[in-house]
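K.L.:
First the structure, then my questions, so here it is.
The values are calculated or read from the model by the stated rules, or taken from the named source; none is laboratory data. All figures in this text were calculated on a predicted structure; none of them were measured in a lab. All Cβ positions, glycine included, derive from the backbone under ideal geometry; neighbour counts span all protein chains shown.
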Amino acid sequence: MESMKYSNTVFPVPLDPRQVVSEVHANAVNLPRRTVREHIEYALDHPIGAGPIEEAVRPGEKICILISDVTRRWQQPGEYLPVLIERLNRAGIPDEDILILCATGTHRQQTKEEHISLVGEEIYRRIRLIDHQCDDREHLTYMGTSSRGTPVWLNSYAMACDKLILTGGVVYHFLAGFGGGRKSIVPGIAGRETINTNHNNALNEGLGSGSNPRACNGNMGQDNPFHSDLVECAAFAKPAYLLNVIVNDDYQIVGAFAGDWQQAHAAAARVVEQLDGVAIPRRTPLVIASAGGYPKDINLYQTSKTLANALAAVAPGGTMILLSQCGEGFGDPDCEAQICGYDSMEEREKALRADFSIGGFVGFLFAETAEHYHLILVTDIPGEKFACTGIQVARTLNEALVLAVQHNGGSLEGVETTLMPHGGSTFPRPQA
């Protein structure tokens, strides 16, 4: 029987194995075995939807490379940047004509040590590197307005360059369908007004209508307004090229994709689907999901990935038990305010629409989920913090199962169950 990680310990699952319909593990996919350099070289030698990178740039042009900040260090930019810059140098672009811009979105500015940890000592010494600042209006350029009404303000340093190259990693994203690609631009190098207006697409139109179910993991269709607005906003920047990577559970690069900023990103997303999009027979009345232990369960904000994935496996009105220690609490002040600071969903939604943030939306999503499902958190966060929501709190999995009994007719015997030991990364795809 499967065990569930909880920080640095585990809880056994004391259920009859016969009632477990699915145990969700990443798929075994035969990816080419290459070194990181070989992955990057292969991607650049086999671009998707574009010619070689040497044809995308010309000597004399200023090139801006976007990388993610330290919150996405798992993307390993220090490993792929040397290869990319080597190819640019070979194409006649000297170091002094290259700018590395950290696509920080709304995140804080970084230290010199963090910059070095991202790109490595040599690249830091050779190439100019700066952080985007979403509230620095003096260095934002207005590019136009999307058809959904998002005013597009982008980093002026990037827009002053001749060519823009996007880099980053591709994973499932609980609002945009998949991370990577266009997200380097919005929210990466966008102004706060642009970011917040775009992110409001995570909500349905009209107060009281809550979150949009089409803004979800795995959906990059036109019916996902969050994603489609991202693409339209990013297009204003006219990206010249993209290099995106995918990593395994140990944060090792196992694939790379280069070329057109939309087509190459879509190809990467398809491989992520093959790896982490796991077929299950059907949704079940009970889902038990672990965030994956430390550091994936370091705070509630990070646990949003587990929540979004578990939602794909639970039957309507069912029970979800999420195991996430949250040693650092909520992990985001807006997330905590959404959960602790309002007595009703209407008040939460009104506040979120007035001042949208991803942290606030995460808190809203937890509270909203408890309105439609029985949501039980196994966590170290004090239970009274959730008193204004329908969320129940337990300290152990056994305690949580006692609470779950109350929601399942007084017994869990024979209740169909899905187990998600890697809930933060695997995305269940019900087949019926």
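K.L.:
Out of all the residues in region 173-201, which are at pLDDT 90 or above and of a type in the set (A, V, I, L, M, F, W, C)?
P.N.:
Within region 173-201, L175, A176, F178, I185, V186, I189, A190, I195 meet the criteria.
K.L.:
Let me ask you something else. Residues that are surrounded by fewer than 22 Cβ atoms within 10 Å (Cβ to Cβ) and without any contact (Cβ under 8 Å) to a residue 24 or more places away in the chain: does region 154-174 have at least one?
P.N.:
Within region 154-174, one or more residues are surrounded by fewer than 22 Cβ atoms within 10 Å (Cβ to Cβ) and without any contact (Cβ under 8 Å) to a residue 24 or more places away in the chain.
K.L.:
Turning to a different aspect of this structure: Only one of (1) small (G, A, S); (2) surrounded by fewer than 16 Cβ atoms within 10 Å (Cβ to Cβ); (3) out of contact with any helix residue (DSSP H, G or I) (no Cβ under 9 Å at 6 or more places or on another chain) fails for A315. Which number is that?
P.N.:
(2)
K.L.:
Now for a different question. Take the residues in region 207-246 that are of a type in the set (F, W, Y) and over 19 Å from the mean Cα position of the chain (by Cα); name whichever of them is farthest from F427 (Cα to Cα).
P.N.:
Checking each candidate, the answer is F236.
K.L.:
Right, something else. Is there any pair with a first residue in region 335-348 that is closer than 11 Å to G208 by Cα and assigned by TED's automatic domain parsing to the domain that holds A370 and a second that is outside any helix (DSSP H, G or I) and at pLDDT below 95 whose Cβ atoms are under 8 Å apart and which are 6 or more apart or on different chains, and what are they?
P.N.:
M345/G210; E346/L207; E346/G208
So that you can scan it fast, the table gives a plain yes or no per residue for (1) of a type outside the set (A, V, I, L, M); (2) more than 22 Å from the chain's Cα centre (by Cα):
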| residue | (1), (2) |
| --- | --- |
| R137 | yes, yes |
| T145 | yes, yes |
| A158 | no, yes |
| A176 | no, no |
| I185 | no, no |
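K.L.:
Hey, another quick one. Helices (runs of 4 or more DSSP H) wholly in region 1-105 with at least 2 residues that are farther than 30 Å from E399 by Cα, of a type in the set (K, R) and modelled with pLDDT of 95 or more - which ones?
P.N.:
Details: elements: 36-45, 53-56, 77-90.
Of the helices (runs of 4 or more DSSP H) lying wholly inside region 1-105, those with at least 2 residues that are farther than 30 Å from E399 by Cα, of a type in the set (K, R) and modelled with pLDDT of 95 or more span 77-90.
K.L.:
Further question on the same structure: Looking at (1) under 15 Å from the mean Cα position of the chain (by Cα); (2) modelled with pLDDT of 95 or more, can you tell me which one P151 breaks?
P.N.:
(1)
Residue-by-condition table, conditions (1) on the phi > 0 side of the Ramachandran plot; (2) surrounded by fewer than 24 Cβ atoms within 10 Å (Cβ to Cβ):
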site: A268; (1), (2): no, no
site: G277; (1), (2): no, yes
site: V287; (1), (2): no, no
site: G293; (1), (2): yes, yes
site: T303; (1), (2): no, no
site: L311; (1), (2): no, yes
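K.L.:
I would also like to ask the following. Checking G78 against (1) in contact (Cβ under 8 Å) with a residue 24 or more places away in the chain; (2) assigned by TED's automatic domain parsing to the domain that holds L412; (3) not β-branched (V, I, T), which test does it fail?
P.N.:
(2)
K.L.:
Report every pair of residues separated by at least 6 positions or lying on different chains whose Cβ atoms are under 9 Å apart, first residue within region 279-291 and touching a residue at least 12 places away in the same chain (Cβ under 8 Å), second part of a loop (DSSP other than H, G, I, E, B) and basic (K, R).
P.N.:
Matching pairs, first to second residue: S290/K296.
K.L.:
Related question: Here are some residues: E41, E61. Which one is out of contact with any strand residue (DSSP E or B) (no Cβ under 8 Å at 6 or more places or on another chain) and of a type in the set (D, E, K, R)? Lay out the reasoning, then the answer.
P.N.:
Values: E61 fails: out of contact with any strand residue (DSSP E or B) (no Cβ under 8 Å at 6 or more places or on another chain).
Answer to the selection: E41.
K.L.:
Consider D229 against the criteria (1) modelled with pLDDT of 95 or more; (2) over 30 Å from A313 (Cα atoms); (3) of a type in the set (D, E, K, R): it satisfies all of them except one. Which criterion is unmet?
P.N.:
(2)
K.L.:
Still on this model: Looking only at region 70-83, which residues are farther than 16 Å from E121 by Cα and either of a type outside the set (K, R) or in contact with a Lys or Arg (Cβ under 7 Å, 6 or more places away or on another chain) (or both)?
P.N.:
T71, W74, Q75
K.L.:
Return the residues of region 5-31 that are more than 12 Å from T417 (Cβ to Cβ) and either in contact with a strand residue (DSSP E or B) (Cβ under 8 Å, 6 or more places away or on another chain) or buried (at least 17 other Cβ atoms within 10 Å of the Cβ) (or both); say none if nothing qualifies.
P.N.:
Within region 5-31, K5, Y6, S7, V10, F11, P12, H25, A26, N27, L31 qualify.
K.L.:
Just give me the residues in region 107-140 being in contact with a strand residue (DSSP E or B) (Cβ under 6 Å, 6 or more places away or on another chain) and either polar (S, T, N, Q) or in a loop (DSSP other than H, G, I, E, B) (or both), in sequence order.
P.N.:
Across region 107-140, the qualifying residues are Q109, Q110, I127, H132.
K.L.:
Go through the residues of region 79-88 one by one and say whether even a single one is touching a Leu at 6+ places or on another chain (Cβ under 8 Å), within 18 Å of V245 (Cα to Cα) and among the aromatic types (F, W, Y). Step through it out loud before you land on a result.
P.N.:
Taking region 79-88 first, the residues touching a Leu at 6+ places or on another chain (Cβ under 8 Å) are 80, 83-84, 87.
Narrowing the set further to residues that are within 18 Å of V245 (Cα to Cα) leaves 80, 83-84, 87.
Checking which are among the aromatic types (F, W, Y) leaves us with 80.
For region 79-88, residues touching a Leu at 6+ places or on another chain (Cβ under 8 Å), within 18 Å of V245 (Cα to Cα) and among the aromatic types (F, W, Y): present.
K.L.:
Can you find even one residue in region 286-309 that is assigned by TED's automatic domain parsing to the domain that holds V13 and basic (K, R)? Give the derivation first.
P.N.:
Taking region 286-309 as the starting set, the residues that turn out to be assigned by TED's automatic domain parsing to the domain that holds V13 are 286-309.
When the remaining residues are screened for being basic (K, R), the result is 296, 305.
Scanning region 286-309, I find at least one residue that is assigned by TED's automatic domain parsing to the domain that holds V13 and basic (K, R), so the answer is yes.
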